[in-house]
Amino acid sequence: MKTDLFFSNPTEVESECLVAVVLDRGEKDKTEAYVASSEKALQDAAAEVISSGEVSSKSFETTLLHHPAKLKAKRLLLLGGGKAKKFSVSELRKLAGAATRTLKSRSLRSFAFLAPDTIKLEDAVRAIVEGAFIGNFDPDTYKSDRKDQKIDALTIVARGDQGALLKAMEEARVIGESQNFTRELVNEPSNRMTPSVLADHARRMSQQVGLKCEVYGADKIKELKMGAFWGVAQGSDEPPALIVMRYEPAGAPDKPVLGLVGKGVTFDTGGISIKPADGMEKMKYDMAGGATMIGAMRAIALLKPKVKVIGIVCATENMPSGKAQKPGDIQTAMSGKTIEIINTDAEGRLVLADGLCYARQLGCTHLIDAATLTGAVVVALGYANAGVFANDDAMYEQFGKALNRAGEKMWRLPLDDEYKEQIRSNIADIMNTGGRWGGAITAAMFLKEFAEDTPWIHLDIAGTAWMEDSKPWIAKGPSGIALRSLVEFAKEFGDKH
Ligand code: BES
Ligand code: MN
Ligand code: ZN
């Protein structure tokens, strides 16, 4: 999707459709809808339908007018945004997605979106561009009758500092494209997205944006003594891949180095502790954490924060076979810790244990991992919030700010020492499951053992990486959650140090 800015009067924009946000400035129960623009001509164009009560300011409600008076645009789409007082950048991002989805389903290929005057223009431009990219993605790649309805061109109508707005637009475009790149990887089924294929995508992307990328196979994994990662990989006929992407901008200080570690399980059958058949097809998205890191590295390479970043993806299948690890087996992780395998379906923490250890060995001073790690996080938080864990309050605070800027929702869960009891093993240093209660927490406690004293954040995206239903602003399917926050974090991290 091409994006450009239109800096003059919105009445002058020549477009298939101009989208304007309708807000409600009524107090309490009263409603008083108005177009969120100071432009008189726009108020006039919408006056009749608004005063007739046909248009509501309810979120995502749409009214399409043809040949609007006094506008050069062929159509005017009035898009409800709810109460003016509650209207935020996050809402605007969603509205832009909703406009994109509504208009592309009506076979339009381009439109213009008027930045509402209630939000700082730079933030508005970012939100509109990001939201439009998110809305433009559909997961129907393999439908023979795929209509491939896409918006090809978006114009943002905003009158302000041209340089700053152009920069905002370009940055948001990088983020939107990267998020969709991640979603494309996640959407692929496991027969077409094996660890090797995932690694090829990482390599190709790296070449395009100027990242160093190394891909290692089983030999290197064994040489590094990654017994936890290999324990999972050994059961599959598909070779595993240890993907390492490096962003080393000229002039960046030696420290800090941010490590982004992703779970790249391209299919999770559960292994010998096999999962039930019902819903198992969804386990193709068990590499979403890894795909998020690949997409985040792309965005970071293009946005160029002044900080070194290393992206690591531990990619493998989790399969039952004659070579597969079995409950009761003991594996020695790269760090030297021994792990009693209680359930081979708790494989994500195993591959990440060695990924985190390797990141530390490569010199990362701060770590963030992302993983579709536990069903338990879905029990705890449902689909609206991802789980976030941190062993360092300062780092968490910084991450919280990134979350806000990115408009992503995550909720912090605890990592108290009490929970460690649950993963104590009789015969090894640690077990890979912690029983029924607090499963998302005990999984995180397991990872904490491998982050050791390095400031670390863990994102459990099992409930949020895949949209169970479509929303007005986003299709059902891969969401690309966490990418925007990771990129915002890296940007801020570069500025701070
Ligand atoms: N990949 C799953 C977690 C998952 C569940 C992701 C639902 C997305 C949706 C993970 O590897 C897993 O199987 N976890 C087990 C852990 C248990 C055996 C301790 C789980 O959550 O049941
Ligand atoms: Mn599993
Ligand atoms: Zn898994």
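Numerical summary
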item	result
The listed residue being hydrophobic (A, V, I, L, M, F, W, C) and more than 30 Å from S335 (Cα to Cα), out of V197, V157, V186	V157
Pick from the stretch 308-325, criterion closer than 30 Å to D495 by Cα and not basic (K, R), ranking: nearest to ligand 2 (Cβ to nearest atom)	C314
Helices (runs of 4 or more DSSP H) wholly inside the stretch 383-497 that include at least 3 residues being in contact with a Gly (Cβ under 8 Å, 6 or more places away or on another chain)	439-451
Hits in the stretch 248-272 - residues which are more than 23 Å from M334 (Cβ to Cβ) and either within 16 Å of ligand 2 (Cβ to nearest atom) or part of a strand (DSSP E or B) (or both)	F267, T269, G270
Unique match (being within 28 Å of W473 (Cβ to Cβ) and aliphatic (A, V, I, L, M)) among L211, L224, L154, L258	L154
Test: residue in the stretch 258-273 that is away from ligand 1 (no atom under 12 Å from the Cβ) and free of Cβ contacts under 8 Å to residues at least 24 places away in the same chain	no
Contacts under 7 angstrom Cβ, first residue in the stretch 336-363 being under 18 Å from G290 (Cα atoms) and of a type in the set (S, T, Y), partner in a loop (DSSP other than H, G, I, E, B) and more than 10 Å from ligand 2 (Cβ to nearest atom), 6 or more apart	Y358/L224; Y358/M334
Lone unmet requirement of (1) away from ligand 2 (no atom under 12 Å from the Cβ); (2) surrounded by fewer than 24 Cβ atoms within 10 Å (Cβ to Cβ) for M280	(1)
Members of the stretch 311-323 found to be crowded, with 24+ Cβ neighbours inside 10 Å and away from ligand 3 (no atom under 12 Å from the Cβ), listed by number	G311, I312, V313, A315
Residue identified as in the same structural domain as L486 (by TED's automatic domain parsing), more than 16 Å from ligand 1 (Cβ to nearest atom) and without any contact (Cβ under 8 Å) to a residue 40 or more places away in the chain among A241, A250	A250
The one condition in (1) hydrophobic (A, V, I, L, M, F, W, C); (2) touching a strand residue (DSSP E or B) at 6+ places or on another chain (Cβ under 7 Å); (3) away from ligand 3 (no atom under 16 Å from the Cβ) that F267 fails to fulfil	(3)
Residue within the stretch 347-357 that is assigned to a loop (DSSP other than H, G, I, E, B) and within 18 Å of M287 (Cα to Cα) present	yes
Tally, over the stretch 330-346, of residues that are part of a loop (DSSP other than H, G, I, E, B), more than 16 Å from ligand 3 (Cβ to nearest atom) and surrounded by 17 or more Cβ atoms within 10 Å (Cβ to Cβ)	4
Residues (of a type in the set (G, A, S), free of Cβ contacts under 8 Å to residues at least 24 places away in the same chain and under 24 Å from E14 (Cβ atoms)) located in the stretch 30-77	A47
Hey, M297 within 14 Å of ligand 1 (Cβ to nearest atom), of a type outside the set (S, T, Y), part of a helix (DSSP H, G or I) and crowded, with 18+ Cβ neighbours inside 10 Å or not	no
Set L373, L381, L302: member being more than 16 Å from ligand 1 (Cβ to nearest atom) and either buried (at least 17 other Cβ atoms within 10 Å of the Cβ) or modelled with pLDDT of 95 or more (or both)	L302
Which numbered condition K225 misses (of (1) closer than 22 Å to D329 by Cβ; (2) in a helix (DSSP H, G or I))	(2)
Close pairs (8 angstrom Cβ cut-off, 6 or more residues apart or separate chains): on the phi < 0 side of the Ramachandran plot in the stretch 315-331, aliphatic (A, V, I, L, M) and surrounded by fewer than 17 Cβ atoms within 10 Å (Cβ to Cβ) anywhere	P320/I274; I330/I427
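Residues are listed down the side, and each one gets a yes or a no for (1) in contact with a helix residue (DSSP H, G or I) (Cβ under 6 Å, 6 or more places away or on another chain); (2) among the hydroxyl-bearing types (S, T, Y); (3) within 16 Å of ligand 1 (Cβ to nearest atom); (4) closer than 22 Å to E188 by Cα:
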{"site": "E223", "(1), (2), (3), (4)": "no, no, no, no"}
{"site": "W230", "(1), (2), (3), (4)": "yes, no, no, no"}
{"site": "R246", "(1), (2), (3), (4)": "no, no, no, no"}
{"site": "M280", "(1), (2), (3), (4)": "no, no, yes, yes"}
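The values are calculated or read from the model by the stated rules, or taken from the named source; none is laboratory data. Given the structure is predicted, the values throughout are model-derived calculations rather than measurements. For neighbour counting, all protein chains shown are included, and Cβ atoms are generated from backbone atoms with ideal geometry for every residue, glycine included.
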